[in-house]
1. Rounding to the nearest 10 and keeping the result within 0 to 90°, find how far the Cα-based axis of helix 168-189 lies from the longest principal axis of the chain.
2. What distance in nm lies between label points placed 7 Å from Cα along the C-beta direction at residue 58 and residue 195?
3. At 0.36 nm per residue, minus the direct Cα-Cα distance, what do residue 40 and residue 87 gain on full extension? Give it in nm, one decimal, please.
4. Evaluate Rg over Rh across the chain, taking Cα atoms for both radii and Kirkwood's formula for Rh.
5. In the structure shown, do any of 3/76; 3/27; 110/147; 159/231 have a Cα-Cα gap over 20 Å, and if so which?
6. Based on DSSP, what percent of beta bridges with both residues in segment 92-224 are antiparallel, to the nearest 5?
7. Counting residues in segment 42-95 as N, plug N into 2.2 N^0.38 Å and put the Cα Rg over that result.
8. Rounded to the nearest 0.05, what FRET efficiency do residue 80 and residue 161 have when you use their Cβ-Cβ distance and R0 = 41 Å?
Amino acid sequence: MTKKIAVICYDQPTRKIQEVLLRLKGKGYDQVDAYAIPFLNRKPLRALIKHRPSELLLNIGNEQLTANLNYKYINKEIGELEDCFSEIPYHSIVIAGAGLLPESLVNRHKIINSHPGYLPYVRGLDALKWAVYENLPIGVTVHYVDKDTDSGLLIVQKKVEITSEDTFHSMCYKSWNLEMQLLVDSIEMVDSIHEFATLPTHVTEPHRRMPREKEEKLFQKFEEYKNKNIK
């Protein structure tokens with residue numbers, strides 16, 4: 001495809017950046033620039049229940065992967081991205097790993113983000129876990145970001161189909177796969193959307209990380225969720 005795509009990622013390999021780059025190649029995107037920003041080492045999360053895959057698909061670094069795919073790999077500080085995106089006419093800019101982006105950057109450029117929750121009902125961290133715990137819609141939302149948490153202009157969202165055979169972890173896999181699929185598919189979708197809906201922020205407050213005492217009840221909560229929502 002002739003569309004020129006920018007991907008924001010960390011300078012360390014992650015499952016998400018590998019999946020996004022490989023899916024872009026599989027869809028036929030040949031002009032992709034990966035902008036690698038420094039990864040900030042934080043205190044390791046010690047979640048009781050893992051709900052997103054972290055294992056790498058390939059045991060190689062980002063620079064090697066982009067070279068293998070014939071993509072460009074560009075190391076930048078996050079504050080330098082605004083000028084980079086202004087100088088090059090990208091069709092789409094996609095997030096495949098980043099913290100909070102500067103407000104000036106998201107105000108000047110349309111940047112696509114995927115959120116593992118059905119907005120506006122599940123905002124913030126551990127969205128999938130909170131959806132199960134609070135009996136909220138389980139799904140994925142792809143949107144143009146703005147300065148607020150999990151808000152902006154809606155591109156596409158879908159609910160995760162839950163069946164009676166699903167376990168908590170099989171449902172998590174479905175959610176992850178849907179998120180990766182919609183993130184890459186959204187690049188084509190934006191060309192056919194004439195008016196973007198704005199995601200409201202007044203419906204719910206953003207969640208924090210789920211505390212351990214609630215995580216301990218997640219498997220039970222998921223069975224209750226199935227009983228309430230599968231007919």
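1. 30 degrees
2. Using points 7 Å along Cα→Cβ, the separation is 4.4 nm.
3. Working: separation 47, 0.36 × 47 = 16.92 nm, distance 2.66 nm.
Length difference between fully extended and current span is 14.3 nm.
4. On the way: Rg = 17.8 Å, Rh = 18.5 Å.
Here the Rg-to-Rh quotient is 0.96.
5. On the way: 3/76 22 Å; 3/27 11 Å; 110/147 12 Å; 159/231 16 Å.
Going by Cα-Cα distance, 3/76 fall outside the 20 Å limit.
6. Values: 12 of 15 bridges.
The antiparallel fraction comes to roughly 80 percent.
7. Numbers: Rg = 15.8 Å, N = 54, 2.2 N^0.38 = 10.0 Å.
Ratio of Cα Rg to 2.2 N^0.38 Å: 1.58.
8. Values: r = 41 Å, r/R0 = 1.01.
The value I calculate is 0.50.
The values are calculated or read from the model by the stated rules, or taken from the named source; none is laboratory data. Just so you know, these numbers come straight off a predicted model, no measurement behind them. Neighbour counts are summed over all protein chains in view; Cβ atoms, including those assigned to glycine, are modelled from backbone coordinates with ideal geometry. These area figures cover heavy atoms from the full protein model, side chains too; ligands, DNA and RNA do not enter into them. Shrake-Rupley method; radii C 1.70, N 1.55, O 1.52, S 1.80 Å.
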